[in-house]
Ligand SMILES: Cc1ncc(COP(=O)(O)O)c(C=O)c1O
């Protein structure tokens with residue numbers, strides 16, 4: 001055996017590490033975090049099926065046929081060839097100014113507020129933005145309020161920062177602000193610091209619900225009174241089927257007390273891995289101080305700046321919106337036609353998700369039977385804190401990647417899955 005004075009052989013050093021269980025070294029937060037779902041890890045959702053080409057309704061990813069590859073290639077090539085000395089070196093933690101200026105122009109118009117580049121910091125997707133906000137504002141033991149259900153990836157990020165996570169229910173108008181007020185009072189009476197309120201106000205993941213204007217105003221009021229920062233996740237704000245969603249919380253509050261997180265993942269492509277945070281200048285400055293990744297790729301940021309400047313994003317969205325509307329309608333009609341006695345749902349006005357309540361069998365049984373029939377989707381329990389304890393009756397159907405023809409086939413397949421789950425066949 002080696003002792004303190006003997007130099008280890010390389011074999012002995014390797015032997016010591018060979019016997020080491022990674023868990024003995026892990027941070028407490030890394031142990032607590034658990035494995036998460038496939039989409040939390042950024043990969044496709046799969047389940048056991050014998051069907052060769054299953055219909056996949058797993059993750060909130062844009063339709064592969066919409067990816068604007070040629071326009072992006074041109075913008076990327078311009079970024080590298082026109083300004084190599086700028087794009088092929090570090091660009092700073094806040095991100096390429098040209099893109100932040102374009103974001104400021106676009107969101108000033110949409111949110112009805114005056115923004116400049118200093119109101120923006122870029123991130124590795126909105127997931128990176130949410131992590132950046134938690135890095136800056138969350139200390140272990142701080143309370144973060146979330147909607148129940150909520151996006152599982154963000155729940156993991158918040159949990160990874162050792163916050164106490166407290167859920168508040170939502171209904172068809174969004175989060176129940178009155179219930180939140182009672183919970184906040186109880187937490188404060190127990191001496192806890194409620195720091196952040198995480199909401200997905202537009203075309204919520206997983207429920208598809210959009211928060212009404214009066215709830216938005218009530219939430220702003222509640223959080224301002226209690227000095228709770230609102231983290232507004234606007235990942236799906238651009239994906240509306242008819243009318244645009246109500247004014248953002250950021251717009252309503254003129255940016256006070258709100259950090260709004262955005263992304264190019266849903267409107268353009270998840271593979272870009274570029275998002276941003278919109279906030280008051282001093283908050284953005286604070287976020288920059290804890291962004292330890294040396295900034296996002298100047299190549300990508302410059303290319304996206306050009307994409308926005310040429311109004312290609314708005315043009316792209318004009319073709320995406322009717323496509324997702326058609327997909328959502330095809331799915332809803334198919335379920336209404338074939339499964340009306342088995343399901344209950346509210347049609348969303350935008351986004352990528354249909355939240356379906358299963359009448360009769362447990363959602364997990366429906367999911368398993370559907371997978372065998374070639375229909376892949378997650379159970380709603382994945383989007384709750386205590387998973388199966390909180391919910392056994394919902395499934396989440398992402399309609400963004402499947403074709404309209406495939407979505408028309410969902411009803412009959414789902415009906416068969418329900419029949420089998422109920423043991424009726
Ligand atoms: C509500 C919501 N927020 C954030 C994300 C993270 O997306 P990205 O990091 O690709 O922007 C997702 C992805 O599904 C989401 O649904």
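For residue 222, the conditions (1) out of contact with any helix residue (DSSP H, G or I) (no Cβ under 6 Å at 6 or more places or on another chain); (2) more than 16 Å from the ligand (Cβ to nearest atom) are fulfilled apart from (1).
For the structure I just gave you, tell me whether residue 97 is within 16 Å of the ligand (Cβ to nearest atom) and either within 16 Å of residue 297 (Cβ to Cβ) or in the same structural domain as residue 248 (by TED's automatic domain parsing) (or both). So residue 97 does not fit the description; no.
Determine, yes or no, whether residue 262 is surrounded by 24 or more Cβ atoms within 10 Å (Cβ to Cβ), within 19 Å of residue 120 (Cα to Cα) and away from the ligand (no atom under 15 Å from the Cβ). Criteria not met by residue 262. Every condition in (1) closer than 30 Å to residue 404 by Cα; (2) touching a helix residue (DSSP H, G or I) at 6+ places or on another chain (Cβ under 9 Å) holds for residue 303 except the one numbered (1). Summed over the stretch 77-126, residues that are surrounded by fewer than 20 Cβ atoms within 10 Å (Cβ to Cβ), in contact with a strand residue (DSSP E or B) (Cβ under 9 Å, 6 or more places away or on another chain) and more than 23 Å from residue 247 (Cα to Cα) total 2. Hey, any hits in the stretch 249-259 for a residue that's within 30 Å of residue 399 (Cβ to Cβ), at pLDDT 95 or above, assigned by TED's automatic domain parsing to the domain that holds residue 215 and surrounded by fewer than 22 Cβ atoms within 10 Å (Cβ to Cβ)? Scanning the stretch 249-259 turns up at least one residue that is within 30 Å of residue 399 (Cβ to Cβ), at pLDDT 95 or above, assigned by TED's automatic domain parsing to the domain that holds residue 215 and surrounded by fewer than 22 Cβ atoms within 10 Å (Cβ to Cβ).
The helices (runs of 4 or more DSSP H) located wholly in the stretch 352-425 that include 3 or more residues which are over 24 Å from residue 325 (Cα atoms) and more than 22 Å from the chain's Cα centre (by Cα) occupy 363-372, 410-421.
Applying the selection to the stretch 199-219, what residues are within 16 Å of the ligand (Cβ to nearest atom) and free of Cβ contacts under 8 Å to residues at least 60 places away in the same chain? Across the stretch 199-219, the qualifying residues are 199, 200, 201, 211. When the stretch 265-296 is filtered for residues that are crowded, with 19+ Cβ neighbours inside 10 Å, more than 16 Å from the ligand (Cβ to nearest atom) and part of a loop (DSSP other than H, G, I, E, B), only 279 remains.
Residue-by-condition table, conditions (1) in contact with a helix residue (DSSP H, G or I) (Cβ under 6 Å, 6 or more places away or on another chain); (2) within 20 Å of residue 265 (Cβ to Cβ); (3) within 16 Å of the ligand (Cβ to nearest atom):
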site: 63; (1), (2), (3): no, yes, yes
site: 74; (1), (2), (3): no, no, no
site: 86; (1), (2), (3): no, no, no
site: 101; (1), (2), (3): yes, no, no
site: 111; (1), (2), (3): yes, yes, no
site: 116; (1), (2), (3): yes, no, no
site: 120; (1), (2), (3): yes, yes, yes
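Within the stretch 235-247, residues that are closer than 19 Å to residue 124 by Cα sit with their Cβ atoms under 9 Å from residues that are at pLDDT below 95 and within 16 Å of the ligand (Cβ to nearest atom), at 6+ positions apart or across chains, in these pairs: 235/60; 236/60. Inspection of the stretch 356-370 finds a residue satisfying the criterion of being surrounded by fewer than 21 Cβ atoms within 10 Å (Cβ to Cβ), at pLDDT 95 or above and under 23 Å from residue 201 (Cβ atoms).
The values are calculated or read from the model by the stated rules, or taken from the named source; none is laboratory data. This is a predicted model, so every value here is computed, not measured. In this analysis, Cβ positions are derived from the backbone assuming ideal geometry, glycine residues included, and neighbour counts consider all displayed protein chains.
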